[in-house]
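Engineer: There's a structure below that I have some questions on.
Read the figures in this text as sums done on the coordinates, not as results from a lab. It should be emphasised that the depicted structure is a prediction, and the values quoted were computed from it without experimental measurement. Backbone-built Cβ (ideal geometry, glycine too); neighbour counts: all protein chains shown.
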Amino acid sequence: VKDVNISFDISHTFFADLDLFLSHKTVVGSEMFSDLCGSQDIHWSYVTTLDDDAAIGAGAAPCTAPVPPFPFDTWGGTSGTWKTEAGTGLTAFDGLSARGNWTLSVVDDATGDIGQLNAWSLIGTCR
C-alpha cells in the first residue's frame, strides 16, 4: 500500500466521547482521533474522509460551536477531508500489504449517549 485513507459515516449524540482506531496486520489500534472538542454536547452525524495528506488536521482548530474541525449543522451532517488528529494515524499503514483484515474500531468512552457507525470504507493506493 502506498497510501491509505478511510471514509466513514457516524451518528452520535456526544462527539467528544468517541475514539476511532484502525488496525491491520502489525499495526494495531492506530489512532484516528480521540475525544475531540471536550465537553460540548452536540448531537450530529457526518460522513467524512480521513487522509494524512489533507491540508487540515482533525485536532488543528479550537473547538467552538459548531465544533470544528468538522464543519456541520448541529442536527445535520458534514463532509470533508481531514488529517487524523496526530496527522500520522494513516501513514502507519504505508508500505504494508493490503491483503488481510482491516478493522475500524469506534469506542464510546462514556455512558449515557448513543450512536452508531453507519458505514465505512478503506481507500487504498497501491504501488
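Engineer: In sequence order, what are the phi-derived ³J(HN,Hα) couplings for region 8-13 according to the Karplus relation 6.51 cos²θ - 1.76 cosθ + 1.60 with θ = phi - 60°, rounded to whole Hz, with x for glycine and proline?
Structural biologist: 8, 10, 10, 10, 7, 8
Engineer: Could you work out how far apart the two model spin labels at Ser121 and Thr49 are, taking each label as a point 7 Å from the Cα in the direction of the beta carbon, and quote it in nm?
Structural biologist: 0.9 nm
Engineer: Please give the length that would be gained between Ser97 and Asp109 if that part of the chain were fully extended, namely 0.36 nm times their separation in residues minus their C-alpha to C-alpha distance (nm, one decimal).
Structural biologist: The span from Ser97 to Asp109 would gain 1.2 nm if fully extended.
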